[in-house]
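Just below is one structure, and these are the notes that go with it.
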Amino acid sequence: MKIDRATKEYEAWLARHTPLLKPDVALKHRRMAGDLFSFLRATFYRWMQLWPQVCPHLAKAPKLLAVGDLHVENFGTWRDIEGRLIWGINDLDEAYALPYTLDLVRLAASAHIAISVEHLMVAPDDACEALLEGYTKGIEGGGRPFVLAEEHKWLRELALGELRDPVHFWAKMDALRTLKRPVPPSARQALEHMMPERGLACRLAHRVAGLGSLGRQRYVALAEWRGGKVAREAKALAPSACVWAANGKGPRGILYQTLLSTAVRCRDPFVELRGRWIVRRLAPDCSRIELASLPKERDETRLLEAMGRETANLHLGSRKALAKVRRDLKKRPSNWLHAAARQMVKATADDWEDWKKAKTNGG
């Protein structure tokens, strides 16, 4: 099956679970053609088709509750219940029971692509080594959340970059166009529930963000509260693309909240699954971190090792699977992650070329 047909079939399946916004879907298609990294981020559904074919030996590794759509820009910061700044994986839309190897290979493949366009300036094999070292240490050591207070000063300085300045952030929020059409009642209720005070007068807007979820309903409520601005976002969720790739076999439930609840981490008290909506607080220090926004002077090997450790933090929630995962890790050759990432990057790049050709020819 070619990428064009796979995309049409996946989007038809997805539309049966949640309404899709045609202008946003069209924008997603254009961005998929723009560069390989964007294509990777937008096509987790296709990854799940290619993965068992390209890496059959890794697809048989022990399973646990995994992130699925993991990549080097699926990391950000939030505030925990104590108000401390936390760093970690911040998008669990595609959470599903998967071989532990899938998250690592997808993360490593995204690093390979980021290196190829000079968003990261480290050798691909060194990047994979750092990711695997961090993951192995996290799994063996029982994990530890990344609290950017007393520790991880270097990571805090990376996370609080210039583009996360409050003035810049709220200017972007204020620029969102006010919605003219009604918001689904369930979305409105979910947003109101997460506001700091009941009965606040809110301006509702549609937000275009992300790539994997671009095309789904995404609403933002903006309000003034006690001398400052507040924002909450509700994003429509659907079953993981893993369900589609498996032709409907396996569990169909949304596992976002389950992974949040079991992982070794300091949870964001403002992230909650309400019905079919994932609701979160938006703020300058509570958002995804793009590689382009990071300071030029940075220890990228250290950053990638931290990403590996954070991946372990989430996998550690599947306690029953850990003994098998540890045994499987120990028996793998030292270069397995680098080799698998290269294979998946090639398969993804081939798809990207086919996608660009199809779009050029009016597909």
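Every number in this text was worked out from the coordinates using simple rules, so none of it is lab data. Since the structure is predicted, the reported quantities are computational estimates derived from the model, not experimental observations. All Cβ positions, glycine included, derive from the backbone under ideal geometry; neighbour counts span all protein chains shown.
Tell me what the chain gives for mean residue ellipticity at 222 nm when only DSSP H runs of n ≥ 4 count, each as -39,500 (n - 2.57), the sum divided by the residue total, rounded to 500 deg cm²/dmol.
Numbers: 14 runs with 167 residues, N = 363.
Helix contribution divided over all residues of the chain: -14500 deg cm²/dmol.
In the structure displayed, which of Lys28/Lys172; Lys22/Lys229; Lys8/Lys356; Lys63/Lys331 lie more than 23 Å apart, Cα to Cα?
Correct reply: Lys22/Lys229.
Which aspartates and glutamates does Lys346 reach when only Cα atoms under 17 Å apart count, and residues fewer than 8 places away in its own chain are ignored?
Cross-link targets: Asp35, Asp125, Asp354.
Two decimals is fine: what is log10 I(q)/I(0) at q = 0.08, 0.09, 0.12 Å⁻¹ for the chain, from a Debye sum with one equal scatterer on every Cα and no solvent?
Listed by q, the Debye log ratios stand at -0.38, -0.49, -0.91.
Counting Lys and Arg as +1 and Asp and Glu as -1, each charge on the Cβ, what is the dipole of the chain about the Cα centre in debye, to the nearest 20? Let's see the in-between values first.
Values: 60 positive and 43 negative charges, 298 e Å.
Roughly 1440 debye for the chain.
What list of ³J(HN,Hα) values in whole Hz, one per residue of segment 253-259 in order, does the Karplus curve 6.51 cos²θ - 1.76 cosθ + 1.60 (θ = phi - 60°) give from phi, with Gly and Pro shown as x?
Listing the rounded values in order: x, 8, 9, 3, 5, 4, 5 Hz.
Going through segment 1-97, which GluC sites (Glu not before Pro) have at most 10 other Cβ atoms within 10 Å and a DSSP loop state? Walk me through the numbers before you get to the answer.
Values: sites: Glu9, Glu11, Glu73, Glu82, Glu94; in loops: Glu73, Glu82, Glu94.
Those that pass, being in a loop and sparsely packed, are Glu82.
Any idea how far the Cα center of segment 138-194 sits from the one of segment 38-57, in Å?
Going from one Cα centre to the other spans 28 Å.
Suppose every K and R has +1 on its Cβ and every D and E has -1 on its Cβ; what is the size of the dipole of segment 1-145 about the Cα centre, in Debye to the nearest 20? Walk me through the numbers before you get to the answer.
Values: 17 positive and 19 negative charges, 126 e Å.
Result for segment 1-145 is approximately 600 debye, rounded to the nearest 20.
Which loop-located trypsin sites (Lys or Arg not before Pro) does segment 103-181 contain, where loop means any DSSP state but H, G, I, E or B and the Cβ has at most 13 other Cβ atoms within 10 Å? Could you put the intermediate results ahead of the total?
Working: sites: Arg106, Lys137, Lys153, Arg156, Arg164, Lys172, Arg177, Lys180; in loops: Arg177, Lys180.
Those that pass, being in a loop and sparsely packed, are Arg177, Lys180.
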